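Input: a single structure, listed below in structure tokens.
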There are 2 protein chains.
Amino acid sequence: MASSLSHSEALSLGALSLACALVLANTLSDGGEGNPVVASLAFSLLAFSSTYALVRWLGNAFMRRGFKGRDLCKLKQTEMPEMMGAVSAMVYLFTLIFFIPWPFYKDIVAATSGGGNRDVMQELEQLASYLSAVLSLQCIVLLGIGDDLFDIRWRHKVLIPAIGSFPMLIVYFVDFGVTQMVVPTPLRPYLGDLFDLGWLYYAYMALLSIFSANSINILAGINGIEVAQSLVIALLIVLNDLLYLLFTPYPHPATDSHLFSLYLLLPFIGVSVALLKHNWYPAKVFVGDTYCYFAGMVFAVDGILGHFSKTLILLLLPQAFNFVYSAPQLFKLVPCPRHRLPHFNARSGLLECSRVEFKKPLARPIAASLKLLHRLRMLDVETNEQGEIASSSNFTIINLWLVWFGPMREDRLAMGLLAFQTAVGLCGLLIRHRLALLVFTQDNNDNW
Amino acid sequence: MASSLSHSEALSLGALSLACALVLANTLSDGGEGNPVVASLAFSLLAFSSTYALVRWLGNAFMRRGFKGRDLCKLKQTEMPEMMGAVSAMVYLFTLIFFIPWPFYKDIVAATSGGGNRDVMQELEQLASYLSAVLSLQCIVLLGIGDDLFDIRWRHKVLIPAIGSFPMLIVYFVDFGVTQMVVPTPLRPYLGDLFDLGWLYYAYMALLSIFSANSINILAGINGIEVAQSLVIALLIVLNDLLYLLFTPYPHPATDSHLFSLYLLLPFIGVSVALLKHNWYPAKVFVGDTYCYFAGMVFAVDGILGHFSKTLILLLLPQAFNFVYSAPQLFKLVPCPRHRLPHFNARSGLLECSRVEFKKPLARPIAASLKLLHRLRMLDVETNEQGEIASSSNFTIINLWLVWFGPMREDRLAMGLLAFQTAVGLCGLLIRHRLALLVFTQDNNDNW
């Protein structure tokens, strides 16, 4: 990979950064309403430029330090920088930190000089939860780098996001301590309007972090898929936020939550697009586990502090499906090879589904299940002369896609999966907004 | 180094941790006053145990990943783990995060349920500045790890602490925005009681961070000196805090600041003692730049948010002297060899001052200055037959100590320097409390 920007790249990024700086200066001078969103957009574009340039500049330094890998799905397996997601995560964190004055400065200072009141308290509480979000994300980046450096064992790895979520949970505990959920209308005669989950609410938040961060991490392996799937999720959440912000009358209780969500997601989209430019087929850099944890944690933090964790789960359905589908191999019911990447066919240049060979015959019920899955077109099974299962496709959604649609080039595979994910996500949002009206008395409940 | 704890170590650490857990459980149950300090002590001992065990357990993993170095001041230069300060920094950060509920929970929740008031606002502001402190420290750890990994250039390195201080500065700006300093009594007729420094105050805070973090980093090189000098500074600040907390009537405006300072420093002392146990002569691990930045930043954050930055500067005088003394070599007025460690004499087993040879004759004024320094016993200069300077001792306080007191063993050298540092620090505190009465109308001003 070239380690410097081309002339035109440098020019475009420079011009973009300059424009953003001017916009930011302008938001400072005119003092009008709605500035934080404009500022957030400008910061996100700045974050894009910085990440784009830094990924390029730092690639060689990463390789020199041993952070490098080979792309197994290519004819020419040249070495390329690994762990570059850490760069975008760092840019993201600093962007969030620099952004702090825009949403928080005016209200807090204006009000503290005029004596304390309820509004400022809320503002300060929001500042505290914003800071706790940044802290949680910073923790996850530190732990993710630790994982990329030391190859932590699988069973410890899974817990990293839970540890990363501590700052957020603790500040949530100190700051709000609200652990009640809104009860669906049909259940209200039995449970009341609000039901206090107590410590279960914290367990729920920790589990959501584990789920979100790890679900990105296991739908991985082909060029661009980690970053692109994160972008799809982020864009769908932004769509959901915009639906609230544009179509509900201001001021609405959910407005602040969805603004909060935008502030976290716009810069994330900025750094991720810059990373994707280098990680999309044919990849010039790898992103590393750090990015997957980080992206998943951005969603968890966003969903929890923005109060739409259930919507988030809907948007993670493809990842959840991939996890359930992978479970037989993850939990060793069926042998699991070291890598479950698709197989690269050097002659055709296409990816085929990778297979796991069963040296020992499978247990009766397992064999029967696999055959059933085969009949449902959810797996590709090959049997030997004795009718025993000799091999099957590996249990990942990526391989399943190849079973369904046959061998294809890596980028078409990624595009297909992303289109599927987008379709599922849009359906999820539609169902969530339709269904909510049936189950709750009003849709725009800020507890979603 | 053994990679596991001995039986007795495991037993002691286990017992200590259990005792701390019980104390913490107790502070939760009785709900009395003064609990946060007890909790902070318990957390600090827990942090000690965790760091002690983790440094031992992770040493080999660090070496396998290439984080290792040789001790140049030993006969047998075995390899040992490098960058272990990152472990203590991580433990420290998580300790600070887990500690949050103790000082903040009761007041905030009690008051938010009863409607907003001025006290809770202050509490929330303090929570925000506590979180910003943790964020700043986490930034510095991330950047320090980056430095340890990638060997950042000297001129960029110096700025790392400034970048790390951004979160603190930005939250300070949003949260308080107070940039006034108390004017010394003799100047009040001209400047008024308070003088607004404006943005200069932020520049001052950033510079203090740069100074504090780098000053630890350049007084380094012999076993234990980085950690032990940090411990001396931390203990002196704790002494200063205790003088306030014990001898001023409660409630005093400075009480909260000095409690804040204790909460940051007690766990720091915990993790540093555990690290020192492994880093003291003969060292089993190296601490890395990460530790030096981290320690310096703890002091800067503590001094700034605890409002005693000028006292902090007094306590850093030995480091400041070392910097000024090093300046001729740092700024290349005099040649600077790659390493300025003392020279290990394999025959005697003692350290001697290391020397720099001057291949080319020095410029007239520089040669004259060196000769003057030699006459003042501030340098050891050797001249050749022509009367030209052939070599001199290297310009660090460590070498100067060896010039003064002759060759000695590494641990005695460290002890001597630490005793000197402690003496200077105690004098500083004494002068600061005596002198303050002369220059300000009252001593216990919370702006110190």
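What to note about this one:
- Start at zero, step by 10 Å, and the Cα-Cα distances of the range A:221-347 spread as 11, 35, 31, 16, 6, 1, 0 percent across the bins.
- In this structure, the residue pairs whose Cα-Cα separation is over 32 Å, taken from B:K68/B:K360; A:K284/A:K332; B:K157/B:K284; A:K157/B:K76; A:K76/A:K360, are B:K68/B:K360; A:K284/A:K332; A:K157/B:K76; A:K76/A:K360.
- Tail weight of P(r) past 14 Å, computed on alpha-carbon pairs of the range B:165-238, percent: 72 percent
- For A:M83, residues with placed amide H under 5 Å, excluding near neighbours: A:F286, A:V287, A:G288
- In nanometers and ordered shortest first, the copy-to-copy spacing of the A:P189 label point, defined 7 Å from Cα toward Cβ, is 8.6.
- Quick note on the range B:327-430: its Rg to Rh ratio, both from C-alpha atoms and Rh being the Kirkwood radius, is 1.01.
- Value at 222 nm in deg cm²/dmol, rounded to 500, when DSSP H runs of n ≥ 4 in chain A each add -39,500 (n - 2.57): -22500 deg cm²/dmol
- Extension gain from B:A419 to B:R65, taking 0.36 nm per residue of separation minus the Cα-Cα distance: 123.8 nm
- To the nearest ten degrees, helix A:364-375 and the longest principal axis of the Cα atoms of chain A are 80 degrees apart.
- Counting only other chain Cβ atoms within 10 Å of each residue's Cβ, the peptide B:125-134 averages 5.
- Longest to shortest principal axis, alpha-carbon extents of the protein assembly as shown, angstrom: 94, 65, 63
- For chain B, the solvent-accessible area works out to 44 Å² per residue, with a probe of 1.4 Å and every protein chain left in place.
- Note on chain A: with charges restricted to the Cβ of Lys and Arg (+1) and Asp and Glu (-1), its dipole about the Cα centre is near 1780 debye.
- Copy-to-copy label separations for B:T422, where each label sits 7 Å from Cα toward Cβ, in nm and ascending: 6.8
- Cα→Cβ-extended label distance, 7 Å offset, between A:S29 and A:V356, nm: 6.3 nm
- Rounded tilt (10° steps) of B:255-279 against the dominant C-alpha axis of chain B: 40 degrees
- For chain B, a Gaussian network of Cα nodes joined below 10 Å ranks B:W280, B:W401, B:W154 by mean-square fluctuation, and the top entry is B:W154.
- Candidates A:S392, A:S50, A:S348, ranked by Gaussian network fluctuation over chain A, Cα under 10 Å, top entry: A:S348
- Helix A:288-305 and the longest principal axis of the C-alpha atoms of chain A enclose an angle of approximately 40°.
- The mean count of C-beta atoms from other chains within 10 Å of the C-beta of residues in A:141-152, rounded to a whole number, is 3.
- Summing +1 for each Lys or Arg and -1 for each Asp or Glu among the other residues whose beta-carbon sits under 12 angstrom from that of A:E79 gives +4.
- HN-Hα J in Hz across the range A:55-60 - Karplus 6.51, -1.76, 1.60, θ = phi - 60°, x for Gly and Pro: 4, 5, 5, 8, x, 5
- Assuming charge only on the beta carbon of Lys and Arg (+1) and of Asp and Glu (-1), the dipole of the protein assembly as shown about its Cα centre is about 3200 debye to the nearest 20.
- Accessible surface of the range B:7-309, 1.4 Å probe, proportion on carbon and sulfur as whole %: 66 percent
- Residue among B:N384, B:N35, B:N322 with the largest mean-square fluctuation in a Gaussian network model of chain B, springs linking Cα atoms under 10 Å: B:N384
- Between copies, A:P361 shows label-point distances of 9.7 nm, shortest first, with the point placed 7 angstrom from Cα along Cα to C-beta.
- Cα-only Debye scattering, the range B:237-278: base-10 log of I(q)/I(0) at q = 0.13, 0.18, 0.20, 0.30 Å⁻¹: -0.33, -0.53, -0.61, -0.97
- Rounded to the nearest whole Hz, the Karplus-based 3J(HN,Hα) values (6.51 cos²θ - 1.76 cosθ + 1.60, θ = phi - 60°) of the range A:387-402 follow the sequence x, 7, 6, 8, 7, 9, 5, 5, 8, 9, 5, 5, 5, 4, 4, 6, with x at glycine and proline.
- Leading residue at positive end of dipole, chain B (Cβ point charges), from B:L191, B:V403, B:S129: B:V403
- Computed from the alpha carbon atoms alone, the convex hull of the range A:10-61 holds 61 Å³ per residue.
- GluC sites (Glu not before Pro), loop per DSSP, at most 12 other Cβ atoms within 10 Å - longest free stretch of chain A: A:34-384
- Chain B - convex hull of alpha carbons, volume per residue in Å³: 169 Å³
- Accessible-area order (highest first, 1.4 angstrom probe) of the listed residues B:K74, B:K332, A:K371: B:K332, A:K371, B:K74
- Accessible surface buried once B binds A (1.4 Å probe; total of both sides; Å²): 4300 Å²
The values are calculated or read from the model by the stated rules, or taken from the named source; none is laboratory data. From a predicted model like this one, the values you see are computed outputs, not experimental measurements. FYI the Cβ positions are ideal-geometry reconstructions off the backbone, even for glycines, and counts take in every protein chain you see. The accessibility values were calculated without ligands, DNA or RNA, using every heavy atom of the protein model including side chains. Shrake-Rupley method; radii C 1.70, N 1.55, O 1.52, S 1.80 Å.
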